[in-house]
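Since the structure comes first, as structure tokens, the remarks are kept for the end.
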Amino acid sequence: MPTPQFILDLREQVGHALLFLNGVTAVVFDRREDPGRVLLGQRADNGRWRLLGGILEPGEQPAPGMAREVFEETGVTVEIDRLVSVITLPPAEYPNGDKVQFLSCTFRAHYVSGDAHVADDESLAVGWYDLDQLPEELPQRDRDVISQALPLEGGPDFVR
């Protein structure tokens, strides 16, 4: 899905000014118990492999929003296992000059159904990766979040 309409509408008012947005990130394992592989997407805007995620729509709850994002991007239906973290990410600037900062809710989920495929224009590719064979360019933050999500049980990580 392209940039949500509510953000396009906001940008008409505020230009490239910093927007504080609610985002979700998914660590999707292929199995609930003893996860062996994680689902990743190769972003169309920069070609980098990343965890899946996106922006919540106004009024949308984080967990269902994360499941929606995964389905829209990959065609995979997931079941949520637990909240992994709630953190404010550093500000970022897109190539067009738009500035954003995300409050990111990350969830651990597992595969339920569907064949992983590119299902929108945000990704060049999607795929399942063995935890010991993650793409070299996967950012360290994503690697850390995957490690945090490995335990099936546990409380969320947040900055105190």
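Brief remarks on what is shown
- Flag for Glu136 being more than 14 Å from the chain's Cα centre (by Cα) and more than 21 Å from Gln42 (Cβ to Cβ): no
Conditions tested, residue by residue: (1) assigned to a loop (DSSP other than H, G, I, E, B); (2) within 11 Å of the chain's Cα centre (by Cα); (3) not small (Gly, Ala, Ser).
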| site | (1), (2), (3) |
| --- | --- |
| Glu57 | yes, no, yes |
| Pro64 | no, no, yes |
| Ala67 | no, yes, no |
| Glu73 | no, yes, yes |
| Pro95 | yes, no, yes |
| Val100 | no, no, yes |
| Thr106 | no, yes, yes |
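- Test: residue in segment 27-37 that is in a strand (DSSP E or B), touching a residue at least 12 places away in the same chain (Cβ under 8 Å) and basic (Lys, Arg): yes
- Residues satisfying the stated conditions in segment 56-92, i.e. in contact with a helix residue (DSSP H, G or I) (Cβ under 8 Å, 6 or more places away or on another chain) and free of Cβ contacts under 8 Å to residues at least 24 places away in the same chain: Glu60
- Qualifying position, being touching a strand residue (DSSP E or B) at 6+ places or on another chain (Cβ under 8 Å) and either modelled with pLDDT of 95 or more or assigned to a helix (DSSP H, G or I) (or both), among Phe6, Phe20: Phe20
The values are calculated or read from the model by the stated rules, or taken from the named source; none is laboratory data. This structure is a prediction, so every number in the text was calculated from the model and none was measured. Cβ sites come from the backbone with ideal geometry, for glycine too, and all protein chains shown count toward neighbours.
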